[in-house]
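To keep things clear, I will list the structure first and then write my remarks on it.
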Amino acid sequence: MIANLISQRHLERISGDAANGTYLLQEATQRLSGARGALQADPAGAFALAYDGLRQAVTAALVQQGLRPRSEGGHIAIVEAAQAQFGDAFAQLNSMRRVRNQLEYPRNPSDLDINRTDAEQAIATAQRLIEAVEQLLPELGIWQPN
């Protein structure tokens with residue numbers, strides 16, 4: 001899967017200091033904090049921030065392996081790479097991506113309807129998976145093709 005994403009130019013290989021995902025994990029935590037802060041006044045904004053935080057955390061795991069998403073196809077590449085490498089626990093990232101896209105590119109007013117419970121669930125999911133990435137990050141080495 002990773003080799004395919006590289007050949008499709010959705011991921012690129014990086015090395016050296018660039019292959020350190022720590023700063024992205026810090027960014028993920030900040031976004032999650034922002035999601036919590038926005039929850040009361042703006043559930044849709046809180047949902048989007050929770051998704052962004054989770055996406056940053058997963059990107060941190062990829063960067064730690066010497067893989068960087070490219071702007072073309074980057075969000076779906078992150079989802080596919082996470083599921084391929086880390087399992088179904090990260091499948092919720094794709095569900096959250098779809099909802100975030102619906103919020104970002106609505107077709108009608110109901111596409112913007114995110115209630116507080118939905119946003120709270122997104123924040124809880126992001127928190128759980130960001131914590132998983134925090135545990136995983138020190139164990140990751142540079143990705144090598146088989």
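Selection over segment 53-109 of residues that are of a type in the set (D, E, K, R), without any contact (Cβ under 8 Å) to a residue 24 or more places away in the chain and within 23 Å of A124 (Cβ to Cβ) gives a count of 2. Against the conditions (1) among the small types (G, A, S); (2) under 24 Å from E139 (Cβ atoms); (3) over 14 Å from the mean Cα position of the chain (by Cα), S110 satisfies every one except (2). Determine, yes or no, whether V79 is of a type outside the set (K, R) and within 18 Å of Q26 (Cα to Cα). Taking the combined requirement at face value, the residue does not satisfy it. Scanning segment 61-82 for residues that are within 13 Å of L93 (Cβ to Cβ) and of a type in the set (A, V, I, L, M, F, W, C) turns up A61, L62, I76, A77, I78, V79, A81, A82.
Kindly evaluate Q85 against the criterion of being surrounded by 13 or more Cβ atoms within 10 Å (Cβ to Cβ) and polar (S, T, N, Q). In short, yes.
When residues of segment 34-54 are filtered for being under 15 Å from the mean Cα position of the chain (by Cα) and of a type outside the set (D, E), how many remain?
In the first step, residues of segment 34-54 are kept if they are under 15 Å from the mean Cα position of the chain (by Cα); the result is 35, 46-54.
Pick out the ones that are also of a type outside the set (D, E) and you get 35, 46-51, 53-54.
Within segment 34-54, residues that are under 15 Å from the mean Cα position of the chain (by Cα) and of a type outside the set (D, E) number 9.
Within segment 1-27, the set of residues being small (G, A, S) and either at pLDDT 95 or above or assigned to a loop (DSSP other than H, G, I, E, B) (or both) comprises S15, A19, G21.
Kindly evaluate N115 against the criterion of being in contact (Cβ under 8 Å) with a residue 12 or more places away in the chain and closer than 20 Å to V133 by Cα. Walk me through how you get there before you give the answer.
Numbers: in contact (Cβ under 8 Å) with a residue 12 or more places away in the chain: yes; closer than 20 Å to V133 by Cα: no.
Answer is no for this residue.
The values are calculated or read from the model by the stated rules, or taken from the named source; none is laboratory data. Bear in mind that the values here come from a model prediction, so they are computed numbers and not experimental data. Please note: Cβ atoms are built from the backbone with ideal geometry, for glycine as well, and neighbour counts cover all protein chains shown.
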